[in-house]
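Visitor: Handing you this structure, nothing more for now.
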Amino acid sequence: QVQLVESGGGLVQAGDSLRLSCAASGRTFSRYDMGWFRQAPGKEREIVAAIAWSGRITYYTDSVKGRFTISRDNAKSTVYLQMNSLKPEDTAVYYCAADLNNGLGLATSRYDYWGQGTQVTVSS
């Protein structure tokens, strides 16, 4: 069992930055690939970024490339999502998730544990 707790969401203006954090506990954090997902009302949950357990392999969805950076600190059992140049279309509930499966997964079905989500709202 892994518990994930997100923090760092809020209301910002377009062009602003936020850093989301996800603290993990319960199991060996370093064994898990980690992902950030987001879901807007009426929309399917989609992957935003993912990072392998080693931190050496990352993935970003096209719409956030060059603006968002995923990172992890295994010593602190925490994964981060630095979000710069935020746009109104980034507005969503953001979730972190842990994936024990081999290979860097992009599908929501691959992830075993989920946080409660944190709201990010970007005004224009």
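Visitor: Return the tail of the calculated pair distribution for region 37-124, meaning the percent of Cα-Cα pairs more than 14 Å apart.
Guide: In whole percent, the share of Cα-Cα pairs in region 37-124 beyond 14 Å is 65.
Visitor: With only Lys, Arg, Asp and Glu charged, each at its Cβ (+1 for the first two, -1 for the last two), find how big the charge dipole of the chain is about the Cα centre; round to the nearest 20 debye.
Guide: 240 debye
Visitor: So, in nm, how far is label residue 3 from label residue 16 when the simple model puts each one 7 Å beyond its Cα toward the Cβ?
Guide: So the label points at residue 3 and residue 16 sit 3.0 nm apart.
Visitor: Which value, in Å², gives the accessible area per residue of the chain when a 1.4 Å probe is used on the protein heavy atoms?
Guide: Computed with neighbouring chains in place, this is 51 Å² per residue.
Visitor: Would you work out which of 22, 53, 88 lies farthest towards the positive end of the dipole of the chain, given +1 charges on the beta-carbon of Lys and Arg and -1 on that of Asp and Glu, about the Cα centre?
Guide: 53
Visitor: Which of the peptides 15-23, 106-114 is most tightly packed, and how do the rest follow, judged by the mean count of other Cβ atoms within 10 Å per residue?
Guide: In descending order of packing, they fall as 15-23, 106-114.
Visitor: Residue-wise, which Karplus ³J(HN,Hα) couplings in Hz belong to region 60-72, taking 6.51 cos²θ - 1.76 cosθ + 1.60, θ = phi - 60°, and x for glycine or proline?
Guide: 9, 5, 4, 5, 10, 4, x, 10, 10, 9, 9, 8, 8
Visitor: Taking θ as phi - 60°, what are the ³J(HN,Hα) couplings along region 6-16 by the Karplus curve (6.51, -1.76, 1.60), each to the nearest whole Hz, with x for Gly and Pro?
Guide: Along region 6-16, the couplings run 8, 7, x, x, x, 9, 9, 8, 3, x, 7 Hz.
Visitor: Count the net charge of all other residues whose Cβ sits under 12 Å from the Cβ of residue 90, scoring Lys and Arg as +1 and Asp and Glu as -1.
Guide: So the environment of residue 90 carries a net charge of 0.
Visitor: Turning to a different aspect of this structure: I'd like the Karplus ³J(HN,Hα) series for region 44-49: coefficients 6.51, -1.76, 1.60, θ = phi - 60°, whole numbers in Hz, and an x wherever there's a Gly or Pro.
Guide: Along region 44-49, the couplings run 6, 5, 10, 6, 9, 7 Hz.
The values are calculated or read from the model by the stated rules, or taken from the named source; none is laboratory data. If you're wondering where the values come from, they're calculated on a predicted model, not measured in any experiment. Cβ atoms come from the backbone with ideal geometry, glycine included; neighbour counts cover every protein chain shown. Note: accessible area is taken over every heavy atom of the protein model, side chains too, but ligands, DNA and RNA are not part of it. Shrake-Rupley method; radii C 1.70, N 1.55, O 1.52, S 1.80 Å.
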